[in-house]
Amino acid sequence: MNIKPDFSTSANHAETAPAFLSVWDMHAYYGESYIVQGISFNVHEGEILALLGRNGAGKTSTLRSIARIGSPLVTRGEIWLDHKPLHLMASHEAAINGLGLVPEDRRIIPGLTVEENLQLAQIAPPIGWSIDRLYELFPRLGERRKQEGVTLSGGEQQMLAIARALARDIKVLLLDEPYEGLAPVIVDEIEKTLMHIKSQGMTTILVEQNAVRALELADRAVILDTGGIVFDGTAAEVLENAELRSEYLAI
């Protein structure tokens with residue numbers, strides 16, 4: 001499936017919403033293992049896109065490739081964000097230009113309080129997400145602002161990881177397994193937050209093993225299988241297609 005970057009019309013929709021993030025013919029390797037095999041898709045501003053598939057399908061590798069993380073190594077293809085060529089940038093340059101990756105392990109910095117974790121990430125002066133605004137978004141973090149970040153509960157650490165990404169005034173939030181190990185009530189809380197920041201215009205790509213929860217939250221879905229795209233359409237289409245869910249998502 002090859003979709004040339006298109007910033008004027010949607011490649012997958014009848015509507016004419018502009019593509020905000022465009023991945024075109026991207027190939028990536030871990031060593032000699034061919035992980036991402038020429039995938040192409042567009043994401044529109046303000047969308048939540050669920051990137052789904054079985055274990056080993058290439059979901060996390062796709063996120064890391066978009067974020068320009070050193071491994072896997074992208075060997076061919078183009079990645080455009082708001083007309084800027086991320087494929088020509090190093091990871092720190094991609095971050096400066098608006099990408100925020102929240103990895104599965106969250107990577108809260110030991111020895112720093114909640115507030116210090118946020119202050120370290122925040123651009124100066126903040127354009128959209130001040131620390132006070134982040135505390136309004138995540139009241140629990142405000143209550144624990146002087147607590148060391150690594151001593152928070154799993155759900156609170158996930159909130160801190162998301163808040164830390166937002167503190168950089170990003171354009172696209174990349175979430176890798178944000179619900180992993182969290183109680184359903186905490187997942188509910190995080191989903192409400194994601195819907196709120198979506199209402200503020202945030203664009204999100206969500207990788208999640210809990211496919212049903214992800215699909216219920218998302219506008220669109222891309223399903224990967226052995227490094228290639230097997231479906232690109234609305235989340236509702238996947239929820240309504242039992243055969244597709246069974247074959248590629250085991251649900």
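Quick note: the coordinates plus some simple rules give every number you see, no bench work behind them. Bear in mind the structure is a predicted one, so any value in this text is a computation, not a measurement. Quick reminder, even Gly has a Cβ in these numbers, built from the backbone with ideal geometry, and neighbours come from all protein chains shown.
If you sort the three axes of the alpha carbon gyration tensor as a ≥ b ≥ c, you get a/c of 1.5 or more for the stretch 46-85 and a/b no higher than b/c, which makes it oblate. Amide H to amide H distances under 5 Å link Thr234 with Ala221, where only residues 5 or more positions off or on other chains count and H is placed in the peptide plane.
With neighbour counts taken as other beta-carbon atoms within 10 Å, the residues Ile79, Ile197 rank, fewest first, as Ile197, Ile79. Counting every other Cβ atom within 10 Å of each residue's Cβ, Asp232, Asp132, Asp169 order from fewest to most as Asp132, Asp169, Asp232. Short-range pairs are left out: with C-alpha atoms under 8 Å and at least six residues apart, the relative contact order of the stretch 145-251 is 19 percent. In the chain, helices alone account for a calculated mean residue ellipticity at 222 nm of -9000 deg cm²/dmol, with every DSSP H run of four or more residues adding -39,500 (n - 2.57).
Compared with the dominant Cα axis of the chain, that is its longest principal axis, helix 184-199 is turned about 80°. In the stretch 15-117, a dipole from Cβ-located charges (positive for Lys and Arg, negative for Asp and Glu) runs towards its positive end, and of Tyr30, Leu49, Gly98 it is Tyr30 whose Cα lies farthest in that direction. Toward the positive end of the charge dipole of the chain, with +1 on the Cβ of Lys and Arg and -1 on the Cβ of Asp and Glu, the farthest Cα among Gly181, Pro85, Phe231 is that of Pro85. Charges were assigned to the Cβ only: +1 to each Lys and Arg, -1 to each Asp and Glu. The resulting dipole of the chain about its Cα centre is roughly 600 debye. In terms of surrounding Cβ atoms within a 10 Å radius of their Cβ, Asp105, Asp82 rank from fewest to most as Asp105, Asp82. When only the Cβ of Lys, Arg, Asp and Glu is charged (+1, +1, -1, -1), the dipole of the stretch 112-167 relative to its Cα centre reaches about 40 debye. When only the Cβ of Lys, Arg, Asp and Glu is charged (+1, +1, -1, -1), the dipole of the stretch 24-154 relative to its Cα centre reaches about 260 debye. With everything on Cα atoms, drop me the angle between helix 154-166 and the longest principal axis of the chain, reported from 0 to 90° to the nearest 10. With both axes taken from Cα atoms, the answer is about 80 degrees. Taking every DSSP beta bridge that has both ends in the chain, the antiparallel portion is near 60%. How many angstrom lie between the C-alpha centres of the stretch 105-149 and the stretch 23-61? Here the answer is 30 Å between Cα centres.
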